[in-house]
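Structure first, then comments.
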Amino acid sequence: MSGDREQLKTELLEQIDKDNIPAHIGIIMDGNGRWAKARGKTRIHGHQEGARRVKTVVRFANDLGVRHISLYAFSVENWARPSFEVSALMRLIRAYIIRERNDLHAEGVQFRLLGRMEELAPEIIRQANISTELMKNNPGLSLNLCINYGGRAEIVDAIKRIITEGYKPGEISEQLVSQHLYWPELPDVDLMVRTSGEMRTSNFHLWRGAYAELYFTPVLWPDFDNAELLKAILAYQNRERRFGKTSEQL
Ligand code: FPP
């Protein structure tokens, strides 16, 4: 981080309410391609820079006391990208899981993969399972890497499991659906961030994000540094979360 950015980070940190840190932050990491194009580099280079950014943001979020961070690294729709880009992303994700395992563990982080596992390469699942198992008793933030993830797919998969388990229509409730999502112990998303100026949630955390505060920034993902994370948290802290009630009822 440059001196100016460090200074900004220090100033922003002073404004943060440490008692109101969003417990679960979801991030749609967008803009790697545009970041690379602006520098005359390949899209793959943009994704590599994006992967580097993951490391700093996860560590800082853990330091701030964020309990969960869900990162949208590969959606169910991303298979439609050119095959060389899909392969490069899968290689990057696999390399990230292996390379960062010990550091994340040392930092007390937990690790979970969210998505349709059956369509992923067995080696990615195997590596993810090693990390999950190693870190499962850690006290820190849970890093939820969303790969081959889709919010609709998650709900469909939950419904399939509910039917398989033989529930009757009268027994089906929101709580029951929540209990059949991927990793049911994960709480709702409090703050959903999307980088690169796009203002969509693109099938990310449809169920758990029902009441998420949305934060859109024009910053491209490889430029999203710790000061940018603090800006997103500050914006969240300045919102009034009413969950359907009036201001007077809060
Ligand atoms: C969107 O940018 C980004 C993705 C589809 C992939 C996100 C992947 C990473 C950040 C790197 C891998 C992650 C890990 C955890 C190692 P885009 O390609 O759509 O950008 P563009 O809209 O500018 O083209």
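The values are calculated or read from the model by the stated rules, or taken from the named source; none is laboratory data. Please read these numbers as outputs of a predicted model, since none were measured by experiment. A quick note on method: Cβ atoms are made from the backbone with ideal geometry, for glycine too, and the neighbour counts reach across all protein chains shown.
Here are some notes:
- If you check L176, L181, L191, L186 for being crowded, with 19+ Cβ neighbours inside 10 Å, at pLDDT 95 or above and farther than 26 Å from E228 by Cα, only one passes: L181.
- Considering residues of segment 69-90 that are hydroxyl-bearing (S, T, Y) and farther than 27 Å from L186 by Cβ only, the residue nearest to the ligand (Cβ to nearest atom): S87
- Beta carbons closer than 6 Å, at least 6 apart along the sequence or on distinct chains, pair a first residue in segment 87-116 that is over 22 Å from V76 (Cβ atoms) with a second that is of a type in the set (G, A, S) for R101/S131; G108/G140; V109/G140; Q110/S142.
- Checked against (1) of a type in the set (D, E, K, R); (2) part of a helix (DSSP H, G or I); (3) under 30 Å from G150 (Cβ atoms), E14 meets all criteria but (3).
- Cβ-Cβ under 7 Å pairs, at least 6 apart or on other chains, segment 131-146 side within 16 Å of the ligand (Cβ to nearest atom), far side part of a loop (DSSP other than H, G, I, E, B) and charged (D, E, K, R): L141/R67; S142/R67
- Which numbered condition L104 misses (of (1) touching a Ser or Thr at 6+ places or on another chain (Cβ under 8 Å); (2) closer than 27 Å to E154 by Cβ; (3) within 8 Å of the ligand (Cβ to nearest atom)): (3)
- From the options I21, I25, residue that is buried (at least 23 other Cβ atoms within 10 Å of the Cβ) and more than 9 Å from the ligand (Cβ to nearest atom): I25
- Segment 29-64, residues that are more than 8 Å from the ligand (Cβ to nearest atom), of a type in the set (A, V, I, L, M) and under 13 Å from the mean Cα position of the chain (by Cα): V57, V58, A61
- All of (1) among the charged types (D, E, K, R); (2) free of Cβ contacts under 8 Å to residues at least 60 places away in the same chain; (3) closer than 21 Å to A128 by Cβ hold for R52 with one exception: (2).
- The set of residues from segment 202-224 being within 14 Å of the ligand (Cβ to nearest atom) and either surrounded by 24 or more Cβ atoms within 10 Å (Cβ to Cβ) or in contact (Cβ under 8 Å) with a residue 60 or more places away in the chain (or both) comprises S202, N203, F204, V219, L220, W221, P222, D223, F224.
- Of the set (1) touching a Phe, Trp or Tyr at 6+ places or on another chain (Cβ under 7 Å); (2) under 23 Å from R34 (Cβ atoms), all apply to G151 but (2).
- Restricting attention to segment 223-249, the residues that are within 16 Å of G31 (Cβ to Cβ), within 15 Å of the chain's Cα centre (by Cα) and in a helix (DSSP H, G or I) add up to 2.
- Qualifying residue in segment 17-24 (condition: under 17 Å from Q237 (Cα atoms), touching a strand residue (DSSP E or B) at 6+ places or on another chain (Cβ under 9 Å) and of a type outside the set (A, V, I, L, M, F, W, C)): yes
- Taking residues in segment 18-36 that are farther than 23 Å from V109 by Cβ and part of a loop (DSSP other than H, G, I, E, B), and partners anywhere that are of a type in the set (A, V, I, L, M) and more than 6 Å from the ligand (Cβ to nearest atom), the pairs with Cβ atoms closer than 9 Å and at least 6 places apart or on different chains are D30/L220; G31/V219; G31/L220.
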